[in-house]
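Visitor: Attaching a single structure in structure tokens format; questions to follow.
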Amino acid sequence: MSDSIFTKIIKGEIPCHKVYEDDKTLAFLEINPIQPGHVLVVPKVQKHIWDLPDEDYHALMSSVKKVANRIQEVLKPDRVGLQVVGVDVRDHAHVHVFPFNGMAEYRQLPHPAGDEELAEMAEKLRFSN
């Protein structure tokens, strides 16, 4: 299997606006967000979500929770939503985590974000080590 776009991001071959990283996961801003602050959380192993070993699945969901809590703390939306879609990058698990204030925002179609906008948001959401 060839490297997914997420594997290339993990390897540093493609840049991203990282907000969180540990030994098993990486979280970075979505370039086509549903709402500003939309983060993708990916495992560092390239597998479909249901094929992840339990340890990697649990690490992924733990990171999703950390990112969701960070979004809530910093951006203070009414809710933080999750989506596991699996059609845009089929062979690499990823969870969309994003702020929203109502169902219209939750269901909004993604739209491209500028690099400056993403950089500013990453600065707000980035975890300090």
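Laboratory data are not the source of any read-out in this text; all were calculated from the coordinates shown. This one's a predicted model, so the numbers in the text were calculated from it and none came from an experiment. Positions of Cβ are backbone-derived with ideal geometry, glycine not excepted, and every protein chain shown enters the neighbour counts.
Visitor: For LYS76, go through the aspartates and glutamates and keep the ones whose alpha-carbon is under 15 Å away, minus same-chain ones fewer than eight residues off.
Guide: Reachable aspartates and glutamates: GLU105.
Visitor: Which ³J(HN,Hα) values, rounded to whole Hz and listed in residue order, are derived for the stretch 28-43 from phi using the Karplus coefficients 6.51, -1.76 and 1.60 in 6.51 cos²θ - 1.76 cosθ + 1.60 with θ = phi - 60°, glycine and proline given as x?
Guide: Taking θ as phi minus 60°, the curve returns 8, 6, 6, 7, 10, x, 6, 9, x, x, 6, 10, 9, 10, 10, x Hz for the stretch 28-43.
Visitor: Counting other beta carbons within 10 Å of each residue's own, what order do ARG90, ARG79 fall into, fewest first?
Guide: ARG90, ARG79
Visitor: Okay, next question. Take the Cβ-Cβ distance between GLU13 and GLN108 as r, set R0 to 35 Å, and report the resulting FRET efficiency rounded to the nearest 0.05.
Guide: 0.70
Visitor: Given R₀ = 30 Å, FRET efficiency for ARG90-GLU123 by Cβ-Cβ distance, to 0.05?
Guide: Taking R0 as 30 Å, the efficiency between ARG90 and GLU123 is 0.45.
Visitor: Return the sequence-ordered ³J(HN,Hα) values of the stretch 120-125 in whole Hz as given by the Karplus equation 6.51 cos²θ - 1.76 cosθ + 1.60 applied to θ = phi - 60°, using x for Gly and Pro.
Guide: Running phi through 6.51 cos²θ - 1.76 cosθ + 1.60 with θ = phi - 60° gives 5, 5, 4, 4, 5, 8 Hz.
Visitor: Would you mind checking the radius of gyration and Dmax of the stretch 71-129 based on alpha-carbon positions, in Å?
Guide: In order Rg, Dmax, the Cα atoms of the stretch 71-129 give 13.0, 35 Å.
Visitor: List the residues of the stretch 107-127 whose backbone N lies under 18 Å from a point placed 7 Å from the Cα of ASN32 along the Cα-to-Cβ direction.
Guide: The answer is 107-115, 118, whose backbone nitrogens lie closer than 18 Å to the label point.
Visitor: Which residue, chosen from GLN83, ILE31, ALA119, occupies the Cα position most advanced towards the positive end of the dipole of the stretch 25-129, where the dipole is computed from +1 (Lys, Arg) and -1 (Asp, Glu) charges on Cβ about the Cα centre?
Guide: GLN83
Visitor: Net charge within 15 Å of ARG90 by Cβ-Cβ distance, Lys/Arg positive one each and Asp/Glu negative one each, not counting ARG90 itself?
Guide: Residues close to ARG90 contribute a combined charge of -3.
Visitor: So what's the angle, to the nearest 10 degrees on a 0 to 90 scale, between helix 54-75 and the longest Cα principal axis of the chain?
Guide: 20
Visitor: Sort ASP115, ASP54 so that the residue with the fewest other Cβ atoms within 10 Å of its own Cβ comes first and the one with the most comes last.
Guide: If I rank by nearby Cβ atoms, fewest first, I get ASP54, ASP115.
Visitor: With equal scatterers on the alpha carbons only and no solvent term, can you work out the Debye log10 of I(q)/I(0) for the stretch 5-125 at 0.11, 0.14, 0.21, 0.23 1/Å?
Guide: Listed by q, the Debye log ratios stand at -0.33, -0.54, -1.25, -1.48.
Visitor: Let me ask something else about it. What are the GluC sites (Glu not before Pro) within the stretch 1-92 that DSSP puts in a loop, where the Cβ has at most 11 other Cβ atoms within 10 Å?
Guide: Listed in order of number, the matching sites are GLU13.
Visitor: Subtract the Cα-Cα distance of LEU82 and ASP23 from 0.36 nm times their separation in residues, and report this length gain in nm to one decimal.
Guide: Residue separation times 0.36 nm, minus the Cα-Cα distance, leaves 19.0 nm.
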